[in-house]
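As structure tokens, the structure follows; a few thoughts come after it.
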Amino acid sequence: MSAAKKVILPSLVKKYLMAGSGIILVLFVLGHMLGNLQFFGPPEMINAYAYHLHHLPGAPVTLWLIRAFLLACVVVHIAMAVLLVKENREARPQNYAKQGFRESDYAARTMPMSGLIILAFIVFHILQYTVRVVPEHYNATIGQAPVEVAHMQLEYFDVFAMMVKGFSSPIVSIFYIIAVGLLCVHLTHGVSSMFQSLGVRNELWRGRLKCLASAYGLFVFIGFASIPASVLFFGHGKTYLAEKEAEWAAAPAAEVSVNDAPGANTQFVTLNEGR
């Protein structure tokens, strides 16, 4: 049975699957970070960005297909990593006596703990900014803001206000920064090692690719961490949020569209003055 499994999915295939899914995730994380940096522009910028994401051609099916594909990449990447680590341990059952800890050994040792933290972060991040139910039900506490789409003024869920309110919590922001730091450590190691899996890393390019991977990880970390840090330490967007909350409180019967809440059609909730 073991031999049959190896024939069906040999080590080389596992490496290519891990590297391929890793490349997709690396590009997604970079694109996601660049999109989120619109938070530093006018509130209308990131609100329009969120609107367009939720109104891609074929939405909402398109968006859920993209999410499912990315989730599949995560599952494949983790599964191949576990299988390859297991294979390596079985192939080299004895520890190296004098070589010390290698980079791959370090990643393997820290993966269980940091991986669990990253997984918890991903789940929390989805619940907070996709489902919008933690640490509070944002669909009921955050109102709408004007968005310009095709030269038309529309009202859409205020994503900018939601981000400011979410990152105003020290616990949320610090957890976010730590988790993103751990994610970028994994990404840095992954970007460097996936070139080896694809057979394009040699002695000449080893140092260069390692520097490239480190630069990528640092760039992504600074990009993601700068958002909660700007809110928590510099109060970015808090004046806007205070003005919006006063505006919403003054209109307790206003309707808040939650069209793009997962699993929802056109729904409306009432803003209560005392929320």
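The values are calculated or read from the model by the stated rules, or taken from the named source; none is laboratory data. Not measured: the values here are computed from a predicted model. Positions of Cβ are backbone-derived with ideal geometry, glycine not excepted, and every protein chain shown enters the neighbour counts. Just so you know, the surface numbers come from the protein's heavy atoms only, side chains and all, with ligands and any DNA or RNA stripped out. Shrake-Rupley method; radii C 1.70, N 1.55, O 1.52, S 1.80 Å.
So here's what we get for this one:
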read-out	value
Distance between modelled label sites at V85 and W64, nm, 7 Å Cα→Cβ extension	3.3
FRET efficiency for A251 and E136, using Cβ-Cβ distance with R0 set to 22 Å, rounded to 0.05	0.65
Solvent-accessible ranking of C211, C73, largest area first, probe 1.4 Å	C211, C73
L127 paired with L56, simple spin-label distance in nm, labels 7 Å along Cα-to-beta-carbon	2.5
